[in-house]
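Reading through the C-alpha cells given below for one structure.
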Amino acid sequence: MKIPVSDGEISGYRAQPKSGGSFPVVLVACEIFGLQEHIKDICRRFADEGYLAIAPDFFCRQGDVSKLEDFDAIIKIISQVPDAQVMSDLDAAVEWAAKHKGDAKKLESRGSAGRSCNMAVFCSQSESQSRHRMVWTARRRSTNLQPKHPIDIVPMLKAPVLGLYGGKDQGIPLDTVEKMREALKKTGNPSEIIVYPDAPHGFFADTRESYRKEAAQDGWKRLLAWFKKNGA
C-alpha cells in the first residue's frame, strides 16, 4: 500500500478482517530490517484477531533495507532517518486507517528490536494518540537526528507499556531493562516488563534462528491480553 505523507507518499503494509468495520488500529513498527515478510505476517496475525494493522516503511526515503544483508549498510541508512520523520509517518498512518474502517480512538502500537521502533512505540501517543503500546526489545543510541532515547520519553507517557525482553540478549544489557522498569515505576505508569531468562535478541522472529517458540507464544498471548485489558 501507499500512505500519503507530508512530502508525498511512503510504502506500507496493512491487514484487516475481510468484513465489518470500525476496527481497533495497531501501528506495527518495523524493525531495522524494514518491511520484511515477518512484519507483514505480524500484521496478518493482528487482522486475524480483529484489528486493522498498519506498518509504515519508516526507512523507504533513505533506502530499502529489506533487500540488504550487510548490517553496516543497514545501520548507515537507518542512522539517516530523523525521529521527526518517523513520528510524522505514524500520524499519516493513523489518518489513513481512520479513513479506511479503522477506529482511531482505539489505537495501539507494537514494536520490536531497535531504537527507531521503540521511539515509534513510545512517542506515538503524543504524536498519534496511541493508548496502549507493546515493545519487545530496545537499544540505546543517540544522534543529532535521533536525539532522544525511549527512557527519555517515559515522563510523558499517559498509557501503559508492556515490554518483553530476552534475558540472553547480547545487545540489550539487563541493567538497561531494569533502568526502564524503574523509570516507569517512578512515574506511576501501570506498565509491565517481562524478561524471558533464556531468550536471545529477536526471540519473537520465527523466520530466524533466534526464534524461541515458548517465549514467543507466551509473549503474543500477553500482548493480546494487554490490549484487551486496556480497552482495545
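Can you name the residue in segment 96-128 that is open to solvent by 30 Å² or more (accessible area, probe 1.4 Å) and out of contact with any Ser or Thr (no Cβ under 9 Å at 6 or more places or on another chain) and is also modelled with the lowest pLDDT among such residues?
Here the residue is Ser126.
Restricted to segment 87-108, and to residues that are acidic (Asp, Glu) and assigned to a helix (DSSP H, G or I), which residue is farthest from the chain's Cα centre (by Cα)? Give the steps one after another, and end with the answer.
Taking segment 87-108 and keeping what is acidic (Asp, Glu), we get 89, 91, 95, 103, 108.
Checking which are assigned to a helix (DSSP H, G or I) leaves us with 89, 91, 95.
Details: Asp89: 13, Asp91: 14, Glu95: 18 Å.
Among residues in segment 87-108 that are acidic (Asp, Glu) and assigned to a helix (DSSP H, G or I), the one farthest from the chain's Cα centre (by Cα) is Glu95.
Considering each residue of segment 41-98, count those that are small (Gly, Ala, Ser) and touching a Phe, Trp or Tyr at 6+ places or on another chain (Cβ under 7 Å), and give that number.
Narrowing segment 41-98 to residues small (Gly, Ala, Ser): 47, 50, 53, 55, 63, 66, 73, 79, 84, 88, 92-93, 97-98.
Still in the running and touching a Phe, Trp or Tyr at 6+ places or on another chain (Cβ under 7 Å): 50, 53, 55, 66.
Going through segment 41-98 one residue at a time, the tally reaches 4.
Mind counting the residues in segment 196-230 that are open to solvent by less than 70 Å² (accessible area, probe 1.4 Å), under 14 Å from Val161 (Cα atoms) and either of a type outside the set (Gly, Ala, Ser) or touching a His at 6+ places or on another chain (Cβ under 9 Å) (or both)?
Summing the residues that are open to solvent by less than 70 Å² (accessible area, probe 1.4 Å), under 14 Å from Val161 (Cα atoms) and either of a type outside the set (Gly, Ala, Ser) or touching a His at 6+ places or on another chain (Cβ under 9 Å) (or both) in segment 196-230 gives 5.
Scanning for something hydrophobic (A, V, I, L, M, F, W, C), crowded, with 19+ Cβ neighbours inside 10 Å and within 19 Å of the chain's Cα centre (by Cα), does segment 142-154 turn up at least one residue? Full working, then the answer.
As a first pass, look at segment 142-154 and keep what is hydrophobic (A, V, I, L, M, F, W, C): 145, 151, 153-154.
So of that shortlist, the ones also crowded, with 19+ Cβ neighbours inside 10 Å come out as 154.
Still in the running and within 19 Å of the chain's Cα centre (by Cα): 154.
Yes, there is a match, as at least one residue in segment 142-154 is hydrophobic (A, V, I, L, M, F, W, C), crowded, with 19+ Cβ neighbours inside 10 Å and within 19 Å of the chain's Cα centre (by Cα).
Mind listing whichever residues of segment 11-41 are surrounded by 22 or more Cβ atoms within 10 Å (Cβ to Cβ), among the β-branched types (Val, Ile, Thr) and over 21 Å from Lys105 (Cα atoms)?
Matches in segment 11-41: Ile39 only.
The values are calculated or read from the model by the stated rules, or taken from the named source; none is laboratory data. Quantities reported herein were computed from a predicted structural model and do not represent experimental measurements. When we count neighbours, we look across all protein chains shown, and the Cβ atoms used for this are built from the backbone with ideal geometry, even at glycine. In case anyone asks, the SASA skips ligands and DNA or RNA and just uses the protein heavy atoms, side chains included. Shrake-Rupley method; radii C 1.70, N 1.55, O 1.52, S 1.80 Å.
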